[in-house]
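First comes the structure, then the notes that go with it.
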Amino acid sequence: MSTPRVLITGASIAGPTLAYWLHRYGWQPVVLERAPAMRTGGQNIDVRGAGREVTRRMSLEDDIRAASTGERGTRFIDSSGTSIARFPAGTSDSAGASAELEILRGDLARLLVDRTIDHVEYRFGDQVTGLVDSTAGVSVSFAHAPDERFDLVVAADGIGSSTRGLVFGDEVEITSLGMETAWATITRTDADDDWWRWYSAPGGRTINLRPDAVGTIRASLSYPSDRAKGGTAEQRTPDQQRAMLHELFDDAGWEADRVLDGFDHADDLYCQMLGQVHAPRWSQGRLALVGDAAYCASPVSGMGTSLALVGAYVLAGELAAHVDYRDAFAGYERIVRPYVDQAQKLPPGVPRIAAPRSRAGVGIFRLGLRVASSPLVGKLGERLFTPPADQIELPDYAHLYS
Ligand SMILES: Cc1cc2nc3c(=O)[nH]c(=O)nc-3n(C[C@H](O)[C@H](O)[C@H](O)COP(=O)(O)OP(=O)(O)OC[C@H]3O[C@@H](n4cnc5c(N)ncnc54)[C@H](O)[C@@H]3O)c2cc1C
C-alpha cells in the first residue's frame, strides 16, 4: 500500500502537532501556511491539563519549560498601580489564571515546526482555493501551485479558516463575545515586573501587561466591540486601528499613554474580535477541521492551545486506529466534542464581567476580586480562573507507532 498523503493548512499549533503524530503513524503530511514565512507573533498562551500531557507524549514539555515566560501570576491593579488582588501562577498541570506552563505562541509554534521539519514538508505563501472530493481522494487547487491530489485535507488555519469556508460555507457559526483585543510588544521599563498586571477602566476597557522571556512586555488593550469604529478588526488598517485605540484609551489612566505610544511604534500590532467557532460537525467528506478552525473557544477561555494540541493528537490517533477515514473522523468528534463543549462554556458574564462599563461597576468588580483573593475564601480565586483543561481521558495510541 502507498503511504497516505494528507494536506494540512496552517502552521501554528494544531497543524504541526497533527503533522507530528501522523508522521509517527506512517503518513506523509504536507503543511501549507498562507503567510510567506513562519509567523512568530502572539503573546503568552497556556499549555494546560491534557494539552500538557500531549506535549509530554511528544517529549516537548522540557523545551516548553525552557522557553517559558516566567510569569509569576496575575495582579489586578488600580490606576496608581497598587495591587487590588493577586493570584499566583498555578502549581499544577491545569490551575490558575497564569498557567504553570506559559509560553509565547510564536515560540511554541517554532518548537513544533522544528520538531517536525525533518519529516514533514512545509510550504509557505500559498493557500487552497478549491477542493474536489472523490472516491480516489481530494483534488486540491492552490492560489499559486498546480493542482495536486491528497488522500485527506485537514484545515488547521484558525478562527477565520478560508479552507473551512470552501466546504462548509456559512454553516459554521462564529459568535462574537462582544469584545475586541489589540496586542503588541512594547519596551520593558524598570517599573515592570514579572506579573501579569490587569487594569480595568470604566467604559469596558482593560489594559494588560505581561512579561516575556526576551526582555520586552506583551501588552493588550481590550474594549467592547460596540465602541469600535471603522468596520471589523480585520478590515481596519494598522493606522486606523491605532487612531481608534487613541480615541478609546487616551483618558483610561494607569499606563495607557505608554501603551498607546508603544503600539504606535510596534510592528506586530494584531487585533481580533473575541469569538468562538461553533461547527455542526468537524468533517465533510475527506476534509476535517482541527484547532481554532473547528472549535475556537477564544483567548479568554485559556484553552485554545490545549484544545488544538488535544484535537490534533486524537485526530491523528483515530486515523491510525481506523482503516476507513470516516470512522476515524467520527471517533475524533465523539472523543473531543465533550471536551470542547466544556471549554466553550465560559463562566457567566465572561468576558464582560471583567470589563465593567460604569465607574460603580469597576468598584464592584474590584471588591469581588478582593474577596476572591483573600485567604478567608481560600482556593476559590484559583478555581475561578482554572479552565476545564483536564476534563478528558486521553486515549493511548502508543501501540500504533514504533
Ligand atoms: C499570529 C498569531 C498570534 C496569536 N496570538 C495569540 C495571543 O496572543 N493569545 C492567544 O490566546 N491566542 C493567540 N493566537 C491564537 C492561538 O494560537 C490559537 O487560539 C490556538 O493556539 C489554536 O491554534 P491553531 O493552530 O488552531 O490556530 P492559529 O494559531 O490561529 O493558527 C492558524 C494558522 O493558519 C494560518 N492560515 C490562516 N489562513 C490560512 C489559509 N487559508 N491557508 C493556510 N494557512 C492559513 C495562519 O497564518 C496561522 O499560522 C494567535 C494566533 C496567531 C496566528
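The values are calculated or read from the model by the stated rules, or taken from the named source; none is laboratory data. Source: prediction; values computed, not measured. Every residue, glycine among them, receives a Cβ derived from its backbone with ideal geometry; neighbour counts consider all protein chains shown. The protein model used for the area step is the full one, side chains on, heavy atoms only, and it has no ligands, DNA or RNA in it. Shrake-Rupley method; radii C 1.70, N 1.55, O 1.52, S 1.80 Å.
State whether region 299-351 is rounded, prolate or oblate according to the following rule on the C-alpha gyration tensor (a ≥ b ≥ c being the square roots of its eigenvalues): a/c under 1.5 gives rounded; otherwise a/b larger than b/c gives prolate, and the remaining case gives oblate.
Numbers: a/c = 5.04, a/b = 2.52, b/c = 2.00.
Prolate, since a/c reaches 1.5 and a/b exceeds b/c.
Where the only charges are on Cβ atoms (+1 Lys, Arg; -1 Asp, Glu), what is the dipole of region 34-165 about its Cα centre, to the nearest 20 debye? Can you show the working numbers first?
Values: 16 positive and 20 negative charges, 78 e Å.
For this selection, approximately 380 debye.
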For this session: Amide H neighbours of Asp212 under 5 Å, at least 5 residues apart or on other chains, H built in the peptide plane: list them.
Result: Arg218
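Rounded, prolate or oblate for region 31-76? Axes are the square roots of the Cα gyration tensor eigenvalues, ordered a ≥ b ≥ c, and the cut-off for rounded is a/c under 1.5. All intermediate terms of the calculation are to be shown ahead of the outcome.
On the way: a/c = 2.22, a/b = 1.26, b/c = 1.76.
Oblate, because a/c is 1.5 or more while a/b does not exceed b/c.
Can you give me the % of accessible surface on the chain that is carbon or sulfur? Probe 1.4 Å, all protein chains present, nothing else counted. Walk me through the numbers on the way to the answer.
Numbers: 8740 of 17100 Å².
Of the solvent-accessible surface of the chain, carbon and sulfur hold 51 percent.
Of the listed peptides 112-119, 195-202, what is their order by residue-averaged count of other C-beta atoms within 10 Å, with the highest listed first? Can you show the working numbers first?
Values: 112-119: 16.8, 195-202: 21.8.
Descending mean neighbour count gives 195-202, 112-119.
Express the accessible area of the chain per residue in Å², computed with a 1.4 Å probe while the remaining protein chains stay in the model.
Working: 17100 Å² over 402 residues.
Normalised by residue count, the accessible surface of the chain is 43 Å².
Starting from the exponent 0.38 and prefactor 2.2 Å, build the expected Rg for the chain from its residue count and divide its actual Cα Rg by it. Can you show the working numbers first?
Numbers: Rg = 21.3 Å, N = 402, 2.2 N^0.38 = 21.5 Å.
Compactness ratio reported: 0.99.
Antiparallel as a % of all DSSP beta bridges within the chain, to the nearest 5? Before the final figure, lay out each step's value.
On the way: 47 of 67 bridges.
Antiparallel bridges make up about 70 percent of those DSSP assigns within the chain.
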Problem set entry | Approximate spin-label separation Asp114-Arg65, in nm, with each point projected 7 Å along Cα-to-Cβ | 1.7 nm
Problem set entry | Whole-Å distance, taken between Cα centres, linking region 1-27 and region 187-214 | 38 Å
Exercise. Taking a point 7 angstrom from the Cα of Thr237 along the C-beta vector, which residues in region 248-289 have backbone N less than 19 Å away?
Worked result: 263-272
Exercise. Can you give the Rg to Rh ratio of region 23-116, both from alpha-carbon atoms, with Rh computed by the Kirkwood formula?
Worked result: 1.08
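Normalised by the number of residues in the chain, what is the relative contact order in percent for Cα pairs under 8 Å and 6+ residues apart?
Details: 833 pairs, mean separation 89.9, N = 402.
Relative contact order, the chain: 22 percent.
Is it possible to state the helix-based mean residue ellipticity at 222 nm for the chain, with each DSSP H run of 4+ residues giving -39500 (n - 2.57), the sum divided by total residues, to the nearest 500 deg cm²/dmol? What is it? Display every interim value, and only then the final one.
Details: 12 runs with 129 residues, N = 402.
Calculated at 222 nm, the ellipticity per residue is -9500 deg cm²/dmol.
Let's test the formula: R0 of 51 Å, r as the Cβ-Cβ distance of Arg359 and Ser2. What FRET efficiency results, to the nearest 0.05?
On the way: r = 67 Å, r/R0 = 1.31.
Efficiency, rounded to the nearest 0.05: 0.15.
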Problem set entry | Karplus 3J(HN,Hα) series, Hz, for region 190-199 with 6.51 cos²θ - 1.76 cosθ + 1.60 (x for Gly, Pro) | 5, 7, 7, 9, 9, 9, 7, 9, 10, 10
For this session: Evaluate the charge dipole of region 173-247 about its Cα centre and quote only its size in Debye, nearest 20, assuming +1 on the Cβ of each Lys and Arg and -1 on the Cβ of each Asp and Glu.
Result: 160 debye
